[in-house]
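Contents: one structure, followed by commentary.
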Amino acid sequence: MIAGAGGMTGLDAVKAGHEEEEECLFFVAMSRAKRYLTLYAAATQADGKRRSPSPYIEVLGSALAAVDEPALFRPSRPDPAEDQVAVERAEPLVVTAEQLSLYAKCPRRFFYTHILRSAGGRRSTAFVEMHDVVYDIVGWLRAGPERWHLPLTEVEQRYNEVWAEKGPTENGYAEDFRRAGLELVQALIRSRQGAPHAPVSDIELTAGAVRVVVRPDEVRQSGKSVVLRRVRTGRKASDEEDDIIYGLYQIAARQWHGDGAGVEAIHLTDDAVTPIELRPRKLANREAKMQELTSAIAAGHFPRRPSDRVCPRCPHYVTCGPVPDGRLVIPSEQK
Ligand code: SF4
């Protein structure tokens, strides 16, 4: 029984309270406009079904002028003439499996990030910084095979040192984030138990004018069995295996150690190790895709892939536009 609920059930009272709060938020947000007020409402859902506007819009009546096609700030549709960039390099281009995967998702983002080396203004959050500290530990373990046998306390000590240097120590929830990151490191150590590790080295794949390298995070070797591992700090996506990266890992594993070599994906948030085995047809498709993508990179083909979902979170969102005419000359990196 809720006092003052006027005969409503508990659930009705909760719903009414929620609606009242939403209405209040809507009108408070409107009251913040200084000169103009523009309200956007999606007319369709992601699955194509119609989406009804908020009932509060009706309350505004004729005070609101409806515009079916509002001006949106987003990268314009690609113009094929803008896709091409003549790149002249002093040295052959080497791309990692991760970089090629980025090219597959948006060639222009690959261009900004790995050809121009413009990091963009990524807005880091405490959550992202916590994951970066864990990736630092993954890289540290990868760099020294002798560290694979360190006791957990020493790995934790290293984690705390990196945390003090690079972690979000000023955040109000810093200690919670530190503990969450430590749990991921513990999951990493658990995933490493069992088979002995072998030294990790780059595996270069044959891909025409552009060199593609696979850099596994771990290599486990037991007798004749070899497994290349890729470590991610987050969760496994439902379409994870569609990423070209795993095809490249599998091609690299076989090139390096024959058909028996395997690939595993480690997801620390899930605390899970997933064996990845693509069927021969899929693997052949991935190999053909690799050749196609590297040929496009070599030809200087860097089209944009505008997406209302992805672009707003891209660090190049604000500057993504036509590229200037002329040649891009990248000098030798050797001093
Ligand atoms: S803003 Fe969109 S189209 Fe431009 S680089 Fe980023 S993801 Fe690609």
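The values are calculated or read from the model by the stated rules, or taken from the named source; none is laboratory data. Small disclaimer: the values here were computed from a predicted structure and weren't measured. Neighbour counts run over all protein chains shown; Cβ positions are idealised from the backbone, glycine included.
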Would you please list the contacts, defined by Cβ atoms under 7 Å and residues six or more apart or on different chains, that run from a residue in region 91-108 that is under 13 Å from F302 (Cβ atoms) to a residue that is among the hydroxyl-bearing types (S, T, Y) and surrounded by 17 or more Cβ atoms within 10 Å (Cβ to Cβ)?
L102/T113
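Residue by residue, here is whether (1) more than 16 Å from the ligand (Cβ to nearest atom); (2) more than 23 Å from E88 (Cβ to Cβ) holds:
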position	(1), (2)
I297	no, no
F302	no, no
S307	no, yes
V329	yes, no
Scanning region 82-135 for residues that are part of a helix (DSSP H, G or I), within 14 Å of the chain's Cα centre (by Cα) and under 21 Å from S307 (Cβ atoms) gives E98, Q99, L100, S101, L102, Y103, A104, K105, R109, F110, T113, V128
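When you go through L25, L64 one by one, which is the residue that is at pLDDT 80 or above and not acidic (D, E)?
Only one candidate passes the filter, namely L25.
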Can you confirm whether P199 is closer than 24 Å to D271 by Cα and either touching a strand residue (DSSP E or B) at 6+ places or on another chain (Cβ under 9 Å) or of a type outside the set (S, T, Y) (or both)?
yes
Looking at region 304-327, is at least one residue closer than 21 Å to Y112 by Cα and touching a strand residue (DSSP E or B) at 6+ places or on another chain (Cβ under 6 Å)?
yes
So how many residues does region 205-216 have that are part of a loop (DSSP other than H, G, I, E, B) and surrounded by fewer than 18 Cβ atoms within 10 Å (Cβ to Cβ)?
4
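Out of curiosity, is V85 at pLDDT below 90 and out of contact with any helix residue (DSSP H, G or I) (no Cβ under 6 Å at 6 or more places or on another chain)?
yes
Quick one: which of H257, H267, H301 is at pLDDT below 95 and in contact with a Lys or Arg (Cβ under 9 Å, 6 or more places away or on another chain)?
None of the other options fit; the residue is H257.
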